[in-house]
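This report refers to the structure that appears directly beneath it.
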Amino acid sequence: MQTDDQQILWIEEPELGYSGKSYLRLFAEGMTTTIKHLFGPKQTIESPEERYQPPDPLLYRGVHRLNRDEQGRVKCVACFLCATACPAHCIDIVAAESPWPDREKYPESFTIDELRCIFCGMCEEACPVDAIELTSLYDLSGKSREEMIFDKEKLLSVYDQTKDAEPMRSKREPLG
């Protein structure tokens, strides 16, 4: 690259004024937030006697679930988009030829390593058929690493637990 090239537009760094160089305004905003929290209402939850309720459970990102279709089959079509979009690489899918005429493939095996997952929701966004979703179940614990690897049956059982309280995104009312 030539420095005298006419197609290159060189931009000068702007001069900062006193307010740009000073951290005084940022310090004041931080102290205001701290004082609001010091003298505001306290929120204490006596766990496990009291359960935390997220403000909007449909927006909360907790444990994954695999949704079922109208016939009770796994809704996933094994397209691998969720595994591709996952930044933590915690989703593993083994596809097989589908025994049903309405799709080509289905997941013979579907596992998510919940200890590796960062609960970002990219898998949920990438899924074209709304097969995988994050629920509002947050109290996730296990006694071993093997218990925290959710297979297809465990993910479908999470759907069975949460289907009434948290309907699938395709069945929800639009926000707004």
Counting only residues that are under 30 Å from L140 (Cβ atoms) and acidic (D, E), which one in the stretch 1-57 is modelled with the lowest pLDDT?
D56
If I ask for residues that are under 17 Å from the mean Cα position of the chain (by Cα) and part of a helix (DSSP H, G or I), which ones from the stretch 149-169 would you list?
L155, V158, Y159, T162, R169
Given (1) open to solvent by less than 100 Å² (accessible area, probe 1.4 Å); (2) within 30 Å of D160 (Cβ to Cβ); (3) of a type outside the set (S, T, N, Q), identify the lone condition not met by I35.
(2)
Given the options Q7, Q53, name the one that is out of contact with any Ser or Thr (no Cβ under 9 Å at 6 or more places or on another chain) and either free of Cβ contacts under 8 Å to residues at least 12 places away in the same chain or in a loop (DSSP other than H, G, I, E, B) (or both).
Q7
Does I91 meet the test of being hydrophobic (A, V, I, L, M, F, W, C) and either farther than 19 Å from P128 by Cβ or touching a Leu at 6+ places or on another chain (Cβ under 8 Å) (or both)?
no
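Table: residues versus (1) touching a residue at least 12 places away in the same chain (Cβ under 8 Å); (2) open to solvent by less than 30 Å² (accessible area, probe 1.4 Å).
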residue	(1), (2)
C123	yes, yes
C127	yes, yes
D130	yes, no
E133	yes, yes
K143	no, no
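Mind listing whichever residues of the stretch 17-32 are within 39 Å of the chain's Cα centre (by Cα) and open to solvent by 100 Å² or more (accessible area, probe 1.4 Å)?
Going residue by residue through the stretch 17-32, those that are within 39 Å of the chain's Cα centre (by Cα) are 19-32.
Within the stretch 17-32, K21, Y23, L24, R25, F27 meet the criteria.
Could you list all residues from the stretch 93-109 that are surrounded by 15 or more Cβ atoms within 10 Å (Cβ to Cβ), under 16 Å from F150 (Cβ atoms) and without any contact (Cβ under 8 Å) to a residue 40 or more places away in the chain? Please lay out each step first, then the result.
Taking the stretch 93-109 as the starting set, the residues that turn out to be surrounded by 15 or more Cβ atoms within 10 Å (Cβ to Cβ) are 93, 95, 98, 103, 105-107.
With under 16 Å from F150 (Cβ atoms) added as a condition, the list becomes 93, 107.
I93 - this is the single residue of the stretch 93-109 that is surrounded by 15 or more Cβ atoms within 10 Å (Cβ to Cβ), under 16 Å from F150 (Cβ atoms) and without any contact (Cβ under 8 Å) to a residue 40 or more places away in the chain.
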Only one of R61, R65, R51 is farther than 30 Å from V129 by Cα, within 22 Å of the chain's Cα centre (by Cα) and either surrounded by 10 or more Cβ atoms within 10 Å (Cβ to Cβ) or of a type outside the set (G, A, S) (or both). Can you tell me which?
R51
For the stretch 24-31, state whether one or more residues are part of a loop (DSSP other than H, G, I, E, B) and either touching a residue at least 24 places away in the same chain (Cβ under 8 Å) or farther than 30 Å from E133 by Cβ (or both).
no
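The values are calculated or read from the model by the stated rules, or taken from the named source; none is laboratory data. This one's a predicted model, so the numbers in the text were calculated from it and none came from an experiment. For neighbour counting, all protein chains shown are included, and Cβ atoms are generated from backbone atoms with ideal geometry for every residue, glycine included. Surface accessibility is based on the protein's heavy atoms, side chains included, excluding ligands, DNA and RNA. Shrake-Rupley method; radii C 1.70, N 1.55, O 1.52, S 1.80 Å.
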